[in-house]
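Encoded as structure tokens, the structure appears first; notes follow it.
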Ligand code: IPE
Ligand code: IPE
Ligand code: MG
């Protein structure tokens, strides 16, 4: 296996924030912001392929986002459905593998089917893993893991047991988490997995995010001194 450049993150988690503000600033409905947000996802996937990033996790819908209006929620579902259907063949040929984390059984059935289909059709790909966090929460993830462990009859758990039973089981922890829109909080994203993630909070609103912003963020990452509690 080729040596990986340590200065380039292997797994980037993206908290895509600012769609609503992007739309409101132009007196447009919030869902127009989500639509533009989907275009930013497409740009980011293509940029990541070029930059040799191996895993991208997109925080697309949180366990708390059910608090929004049903109009907005259904609009988001519709956009995710169209995105998956419309881009499937292109991503397939680009070698992208789709997976998801979170409880998608709470989503409309046709959307679940589209998700199952793209996962199945891209499962042999290995250029880039695109992991969609859907109805995902970091706390729900830990509860999910603990319940799986209880069901297995285990009496005592290790850190590794928990890691191996999270939705992200088998994936390396994110090296780098980017949250757009300038908000400096995690909002229940990958709580267990981000123990040693580097963080960046660029001001750009998610619908405006492009390859330049990704490159800039990676440059910032590459200058960080990751010590993991040790001394360098
Ligand atoms: C992020 O943009 C997208 C989702 C949470 C689905 P927001 O919709 O949170 O945009 P703001 O924060 O209201 O600007
Ligand atoms: C975080 O953004 C969730 C996603 C990006 C899916 P939110 O906009 O929901 O977070 P808060 O409410 O500002 O913390
Ligand atoms: Mg937001």
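Each reported figure results from applying straightforward, stated rules to the coordinates on display, with no laboratory input. Given the structure is predicted, the values throughout are model-derived calculations rather than measurements. Here Cβ is always computed from backbone atoms with ideal geometry, including for glycine, and neighbour counts include all displayed protein chains.
See the values below:
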{"quantity": "Qualifying residue in the stretch 158-168 (condition: closer than 30 Å to residue 32 by Cα, more than 16 Å from ligand 1 (Cβ to nearest atom) and out of contact with any strand residue (DSSP E or B) (no Cβ under 8 Å at 6 or more places or on another chain))", "calculated": "no"}
{"quantity": "Matching residues in the stretch 10-19 - criterion: being more than 14 Å from residue 132 (Cβ to Cβ), within 11 Å of ligand 1 (Cβ to nearest atom) and in contact with a strand residue (DSSP E or B) (Cβ under 9 Å, 6 or more places away or on another chain)", "calculated": "17"}
{"quantity": "Residues of the stretch 76-98 satisfying the condition of being over 27 Å from residue 20 (Cβ atoms) and not in a helix (DSSP H, G or I)", "calculated": "94, 95, 96, 97"}
{"quantity": "Test: residue 215 is touching a residue at least 24 places away in the same chain (Cβ under 8 Å) and either surrounded by fewer than 15 Cβ atoms within 10 Å (Cβ to Cβ) or within 29 Å of residue 107 (Cα to Cα) (or both)", "calculated": "yes"}
{"quantity": "Among (1) outside any helix (DSSP H, G or I); (2) surrounded by 11 or more Cβ atoms within 10 Å (Cβ to Cβ), the one test that residue 161 misses", "calculated": "(1)"}
{"quantity": "Residues being within 16 Å of ligand 2 (Cβ to nearest atom), assigned to a loop (DSSP other than H, G, I, E, B) and under 18 Å from the mean Cα position of the chain (by Cα) - total across the stretch 192-232", "calculated": "8"}
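Residue by residue, here is whether (1) near ligand 1 (Cβ under 10 Å from one of its atoms); (2) part of a loop (DSSP other than H, G, I, E, B); (3) out of contact with any strand residue (DSSP E or B) (no Cβ under 9 Å at 6 or more places or on another chain) holds:
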site	(1), (2), (3)
6	no, yes, yes
21	yes, no, yes
31	yes, no, yes
42	no, no, yes
45	no, no, no
49	no, no, no
66	no, no, no
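Here's the yes/no breakdown for (1) in contact (Cβ under 8 Å) with a residue 60 or more places away in the chain; (2) away from ligand 2 (no atom under 16 Å from the Cβ):
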position	(1), (2)
13	yes, no
29	no, yes
53	yes, yes
74	no, no
87	no, yes
103	no, no
107	no, no
110	no, yes
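Residue by residue, here is whether (1) more than 16 Å from ligand 3 (Cβ to nearest atom); (2) assigned to a helix (DSSP H, G or I); (3) surrounded by 13 or more Cβ atoms within 10 Å (Cβ to Cβ) holds:
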{"site": "118", "(1), (2), (3)": "yes, yes, yes"}
{"site": "124", "(1), (2), (3)": "yes, no, no"}
{"site": "148", "(1), (2), (3)": "yes, yes, yes"}
{"site": "155", "(1), (2), (3)": "yes, no, no"}
{"site": "171", "(1), (2), (3)": "yes, no, yes"}
